[in-house]
Amino acid sequence: MNPSIGTATPVDAFLLDVQSGLSKSQKTLSCKYLYDQRGSELFDKICETDEYYPTRTELQIMERNADSIADQIGSRVMLVEYGSGSSIKTRVLLDALDTPVAYVPVDISEDHLLRTAKGLQTAYPETEILPVVADFTQPFSLPQSNQDYSHVAIYFPGSTIGNFTPEAAGELLQFMSSILGPQGGLLIGIDLQKEVSVIESAYNDQAGITSDFNLNLLSRINSELDGDFRLDEFKHQAVYNSDQHRIEISIVSQRDQQVRIGGTTFSFRKGETIRTEYSHKYTIDGFAEFASQYGFALHKHWTDSRDYFGVLHLVL
Ligand code: AVI
């Protein structure tokens with residue numbers, strides 16, 4: 001089980017991204033940098049908070065509809081999962097599928113990916129587990145399987161597509177459509193539009209874990225890029241933008257201040273924001289229409305009783 005290596009992010013690229021992001025008039029840091037070791041642990045804790053409904057709702061949808069979802073995906077499949085994480089939802093799917101030929105978890109975090117892949121290989125000996133270390137926002141090649149498979153299915157759970165701007169989400173769908181051959185399908189989780197207070201609470205949990213997760217990005221810059229952010233001089237902010245249907249997550253400077261990062265000085269005004277993440281909320285029809293621009297047609301979808309979350313199966 002040797003992993004295929006795609007494009008990971010070296011320190012130089014991190015520094016360049018941070019320097020260019022903090023030089024913009026709307027200061028920005030890419031949300032992909034939120035997930036270092038501590039960030040990933042904090043994200044797992046977010047998923048357990050009372051307020052953060054997406055993870056448990058999606059898991060419930062998968063568990064309740066596993067057989068019907070597996071039927072749609074079909075047999076002798078190569079299942080490719082984008083951003084596989086710890087693969088809890090994957091196990092629900094792998095259990096329900098008619099012995100998938102291969103499972104390809106794609107993730108940027110090599111250690112985590114290989115550990116998960118090893119566990120899955122033991123649990124699913126008849127399925128070839130072929131991990132790919134890659135930043136899935138960039139094109140990567142599918143690994144060779146030792147067995148013939150009839151089609152490829154991409155699994156992109158977690159509503160991670162919501163963290164992409166519509167333009168970047170479109171590029172990703174375009175790339176997905178290029179690796180899916182005939183009969184290929186995309187199973188994707190999306191967080192649905194709902195009462196604003198429910199969404200805002202999910203990103204402003206009482207225990208302050210989302211705040212720690214967000215501000216951890218400044219700690220990461222301090223330790224990896226020789227920065228001197230004072231964390232108590234910045235605050236987490238998450239506000240729903242009803243026009244754009246998205247949560248906008250930022251870090252707000254609490255006073256006029258200067259920060260040095262790798263020898264460069266950046267100035268922050270009191271109240272100035274660093275945008276760290278968007279989380280777009282869709283409707284089923286809205287997402288289907290969006291995906292149709294990239295050749296996808298909505299085949300079937302599943303939701304929960306409150307219509308908080310959607311799992312969609314799209315085909316080319
Ligand atoms: C990973 N992603 C789908 C999460 C979301 O809900 O947009 C990231 C997150 N950020 C803060 N809380 C959760």
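In the calculated pair distance distribution of the stretch 81-190, what percentage of Cα-Cα distances lie above 16 Å?
Summing the P(r) tail past 16 Å for the stretch 81-190 gives 59 percent.
Of the GluC sites (Glu not before Pro) found in the stretch 73-158, those that fall in a DSSP loop while having at most 11 other beta-carbon atoms within 10 Å are E126. In terms of packing, defined here as the mean over residues of other Cβ atoms within 10 angstrom, the peptides 221-233, 298-310, 182-194 line up highest first as 182-194, 298-310, 221-233. Based on the convex hull around the alpha carbon atoms, the chain presents an average projected area of 15.6 nm². Among 255-268, 150-163, 60-73, the peptide with the highest mean count of other Cβ atoms within 10 Å heads the list, and the full ranking is 150-163, 60-73, 255-268. In this structure the stretch 232-273 gives 52 Å² per residue of accessible area when probed at 1.4 Å with all protein chains present.
With all protein chains in place and a 1.4 Å probe, the accessible surface of the stretch 122-187 carries 48 percent carbon and sulfur. Nearest 500 deg cm²/dmol is fine: what mean residue ellipticity at 222 nm does the chain get from its DSSP H runs of n ≥ 4 alone, each adding -39,500 (n - 2.57), divided by its residue count? That comes out to -11000 deg cm²/dmol. In the P(r) worked out for the stretch 57-135, what percent of Cα pairs fall beyond 13 Å? In whole percent, the long-distance tail amounts to 64. Using a cutoff of 8 angstrom between alpha carbon atoms and counting only pairs six or more residues apart, the relative contact order for the chain works out to 21 percent.
Length gain on complete extension for the stretch S223 to S23, per 0.36 nm per residue less the alpha carbon to alpha carbon distance? Let's see the in-between values first.
Values: separation 200, 0.36 × 200 = 72.00 nm, distance 2.02 nm.
Full extension from S223 to S23 adds 70.0 nm.
Comparing Cα centroids, the stretch 162-208 and the stretch 120-155 end up 21 angstrom apart. Accessible surface for the stretch 1-140, divided over its residues, is 48 Å² per residue with a 1.4 Å probe.
The portion of the accessible surface of the stretch 239-282 made up by carbon and sulfur, rounded to a whole percent, is 40 (1.4 Å probe; DNA, RNA and ligands excluded).
Just the Kirkwood number for the stretch 185-316, please: inverse of mean 1/r across all distinct Cα pairs, in Å, one decimal. Walk me through the intermediate numbers first.
Values: mean 1/r = 0.0585 Å⁻¹.
Hydrodynamic radius (Kirkwood, Cα pairs) of the stretch 185-316 is 17.1 Å.
Here is the tail figure for the stretch 215-281: Cα pairs spaced more than 15 Å apart come to 56 percent of all pairs. For the stretch 252-316, the convex hull drawn through the C-alpha positions has a volume of 171 cubic angstrom per residue.
The values are calculated or read from the model by the stated rules, or taken from the named source; none is laboratory data. Fair warning: this is a prediction, and the values are worked out from it, not measured in the lab. Note: ideal-geometry Cβ built from the backbone for every residue, glycine included; neighbour counts use all protein chains shown. The protein model used for the area step is the full one, side chains on, heavy atoms only, and it has no ligands, DNA or RNA in it. Shrake-Rupley method; radii C 1.70, N 1.55, O 1.52, S 1.80 Å.
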